[in-house]
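The values are calculated or read from the model by the stated rules, or taken from the named source; none is laboratory data. Just so it is clear, the model here is predicted, and its values are computed rather than measured. Neighbour counts run over all protein chains shown; Cβ positions are idealised from the backbone, glycine included. Quick note on the areas: whole protein, heavy atoms, side chains included, nothing else; ligands and nucleic acids left out. Shrake-Rupley method; radii C 1.70, N 1.55, O 1.52, S 1.80 Å.
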There are 4 protein chains.
Amino acid sequence: MATENKKFIAVIGGNQCSKEEAKLAEGIGRELARRGAILVCGGLGGVMEAACRGAQSEGGLTIGILPGENPQAANPYVQIPIVTGIGYARNVAVVKSTQAVIAIGGNYGTLSEIAHALQSDIPVIGLNTWSLSRNSQPDESIIRAESPAEAVNKALSLAKNR
Amino acid sequence: MATENKKFIAVIGGNQCSKEEAKLAEGIGRELARRGAILVCGGLGGVMEAACRGAQSEGGLTIGILPGENPQAANPYVQIPIVTGIGYARNVAVVKSTQAVIAIGGNYGTLSEIAHALQSDIPVIGLNTWSLSRNSQPDESIIRAESPAEAVNKALSLAKNR
Amino acid sequence: MATENKKFIAVIGGNQCSKEEAKLAEGIGRELARRGAILVCGGLGGVMEAACRGAQSEGGLTIGILPGENPQAANPYVQIPIVTGIGYARNVAVVKSTQAVIAIGGNYGTLSEIAHALQSDIPVIGLNTWSLSRNSQPDESIIRAESPAEAVNKALSLAKNR
Amino acid sequence: MATENKKFIAVIGGNQCSKEEAKLAEGIGRELARRGAILVCGGLGGVMEAACRGAQSEGGLTIGILPGENPQAANPYVQIPIVTGIGYARNVAVVKSTQAVIAIGGNYGTLSEIAHALQSDIPVIGLNTWSLSRNSQPDESIIRAESPAEAVNKALSLAKNR
């Protein structure tokens, strides 16, 4: 498989999610696959599963970086399960293995991934997700998108060669 | 050393910090030591060093959970250096080893620690630090404090037996 | 890419190696690819690079689970670089992501990977590598092989569905 | 607490152990405390618990670096529980936080700790534990001891300033 020119993009979000979030995630997975990108995620349910389902439906490659010791914990659309056994510390690996991150909704785990990405200067695109301010000043580092197509466009154009 | 009734409190913030932040951190370190709490931090400079200096000046115990492989990277006021070698993933260990977290200022690394703490339901007290909102709704999980004494009071009263 | 029936096999060994070890590793990589297995390794040089080169020459898929923060540290035959940033702790992820491990030569890092694999009951096949005894009793858990073909045969037949 | 001249020594071994191993571990814990060293271990039962019990009985300080997320998993003689949440990857932190390691018996987890220590050039003293050979050549890196006093003597005299 030739991956040398492919971009690795993370899709992050809750292990449980609303129908609307799942629809967004699936659309993003499909669009990433159509555009030839490789999808990286935390490998579990919710947003991660929906994104993998979308990517697989378009023939894309899906990687799930799992917190536990059991590869069977991966959702059925993960093609490459990476078993870390390091718990939430795997959140660091999810984002650092990619060139851009797309966040959909999400809870504190997603927030930690956003933070780890921004710390490494990896672009973060957000849909209906966290907003940040620091010392009462808005931090605009999370780039907003309103649709799957817009999110994927922004992620691919901002994706850095690391 | 009898530690069974002692509380473990994290002080988190930037590896570099303003004079004002250092003053706050040192005051918090002193107050934690006077109140018999054990200080946990990431072991490096800035806010971490100032907090350890304050705690040590009052005879308190200081623990530094380091990202790298070299214990000499600890600031000189760390009495117990823990060498993890796991990089930013050590942020998870810093907060999960404590019963409450006090955040002072800070950058994205601090934000990741706040997120990991909230994910584990560990109370976070903040001074001049991040504010969060989710899907345009403010998330008030970070409890505000204006002074070292107020921060330590809140941290100790909210500290959970885990 | 359909990976559901594919086996994930780790090849472990030194970041520097002898010509003979490199030849063994390359042969193992080639044979794994011909047999349809996915190669997992630590992503760096020496045995890891030779194994990836062999696998890629036969059209196989190669995954490198890196210790540092920089995906560019991967050898040029790694198609899927996973960036963990957790240093030697990534050795755990290398072996736990697979169904069998083939060890070639190696130093203490390789020994730690053998230990982590055996701890999780993942079969380890060894060529010119460590031998163990415990309390003066030989521990025969490492299954010996003399050639790449024998190593791959044993690895694939012992590979467990985890 | 003045720790600047104190040595940090790991005691490693099984989470379950024989009575004889427990007796050795307790003796080592006592002797380390009498000699002013700080005991570091994985925080759980068996050898770890016996060593902590010995150290505490002589007023020594005990640190337990835990694999899971729950500080309550620490044995009752751990005074400083460090909660990593990174599973077996915490084995790296246990040994790298010390200047010498004493191994008693042990299974594959202990073997992984021995390997991680030797990889970092941290001296390993062994009682009734693993023996290694590489490519049929004995590897004598594990320094043998027959009694708690001998083990502690060797550990303290070999302990490196890291």
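When the Kirkwood radius is taken over all Cα pairs of chain B, what Stokes-Einstein diffusion coefficient follows at 10 °C and 1.306 mPa s, in µm²/s? All intermediate terms of the calculation are to be shown ahead of the outcome.
Details: Rh = 15.1 Å.
Stokes-Einstein gives a translational diffusion coefficient of 105 µm²/s.
The other copies place their D:LYS23 label points at 5.4, 6.3, 7.2 nm from this one, listed shortest first, where each point is 7 Å from Cα along Cα→Cβ.
Charges were assigned to the Cβ only: +1 to each Lys and Arg, -1 to each Asp and Glu. The resulting dipole of chain D about its Cα centre is roughly 280 debye. Here the dipole of the protein assembly as shown is about 0 debye; that uses its Cα centre as origin and unit charges on the Cβ of Lys and Arg (positive) and Asp and Glu (negative).
Indicate the gyration tensor shape class of the range C:101-148 (rounded, prolate or oblate), computed on the Cα atoms with a ≥ b ≥ c the square roots of the eigenvalues: a/c under 1.5 is rounded; otherwise a/b larger than b/c is prolate and the rest oblate.
Details: a/c = 1.40, a/b = 1.24, b/c = 1.13.
Rounded, because the longest to shortest axis ratio a/c is under 1.5.
Please find, in a Gaussian network model of chain D (springs between Cα atoms separated by less than 10 Å), the residue of D:TYR108, D:TYR77, D:TYR88 whose mean-square fluctuation is greatest. Fluctuation is largest for D:TYR108.
Summing Lys and Arg as +1 and Asp and Glu as -1 over all other residues whose Cβ lies under 13 Å from the Cβ of D:ALA37 gives a net charge of +4. The other copies place their A:ILE143 label points at 3.9, 4.9, 5.6 nm from this one, listed shortest first, where each point is 7 Å from Cα along Cα→Cβ.
For the pairs D:LYS7/D:LYS96; A:LYS6/C:LYS7; A:LYS19/A:LYS96; B:LYS160/D:LYS96; B:LYS23/B:LYS96, note any where the Cα-Cα span goes beyond 18 Å.
Details: D:LYS7/D:LYS96 13 Å; A:LYS6/C:LYS7 24 Å; A:LYS19/A:LYS96 28 Å; B:LYS160/D:LYS96 30 Å; B:LYS23/B:LYS96 25 Å.
The answer is A:LYS6/C:LYS7; A:LYS19/A:LYS96; B:LYS160/D:LYS96; B:LYS23/B:LYS96.
Chain A has one residue whose beta-carbon comes closest to the axis relating it to chain D; that residue and its distance in whole Å are A:ILE86, 2. In summary, the aspartates and glutamates within cross-link reach of D:LYS154, defined as a Cα separation below 13 angstrom excluding same-chain residues under 8 places away, comprise D:GLU31, D:GLU146.
Computed with a 1.4 Å probe over protein heavy atoms only, the accessible surface of the range A:1-75 comes to 40 Å² per residue. Determine the percent antiparallel among the DSSP beta bridges restricted to chain D, to the nearest 5. Looking only at bridges with both residues in chain D, the antiparallel portion is about 10 percent.
Pull up the DSSP beta bridges for the protein assembly as shown and report the antiparallel fraction as a percent, rounded to 5. Taking every DSSP beta bridge with both residues in the protein assembly as shown, the antiparallel ones total about 20 percent.
With the highest mean first, a sort of the peptides A:60-72, D:125-137, B:41-53 on other beta-carbon atoms found within 10 angstrom per residue produces B:41-53, A:60-72, D:125-137.
With all pairs of different C-alpha atoms in the average, the Kirkwood value for the hydrodynamic radius of the range C:65-108 is 11.5 Å. Between D:ASP139 and C:ILE143, the simple spin-label model (points 7 angstrom out along Cα→Cβ) gives 2.2 nm.
Across the identical copies, the 7 Å label point of D:ASN5, projected outward along Cα→Cβ, sits 3.2, 6.7, 7.0 nm from its counterparts, in ascending order. The interface between chain B and chain A buries about 2300 Å² of solvent-accessible area in total (1.4 Å probe, ligands and nucleic acids excluded).
Under 12 Å from the Cβ of D:ALA55, count the other residues' Cβ atoms, weight Lys and Arg +1, Asp and Glu -1, and hand me the total. Write out the running numbers ahead of the final one.
Numbers: positive: D:ARG30, D:ARG34, D:ARG35, D:ARG53; negative: D:GLU26, D:GLU31, D:GLU49, D:GLU58.
The answer is 0.
Distance from the C-alpha centroid of the range D:24-49 to that of the range B:103-156: 37 Å, rounded to the whole angstrom. For the range A:128-148, heavy-atom accessible area (probe 1.4 Å) falls by no less than 30 Å² from the chain alone to the full protein assembly at A:ASN128, A:TRP130, A:SER131, A:LEU132, A:SER133, A:ARG134, A:ASN135. For the protein assembly as shown, with all protein chains in place and a probe radius of 1.4 Å, 44% of the accessible heavy-atom surface sits on carbon or sulfur.
When the Cα convex hull of the protein assembly as shown is projected onto planes of every orientation, the mean area is 25.6 nm².
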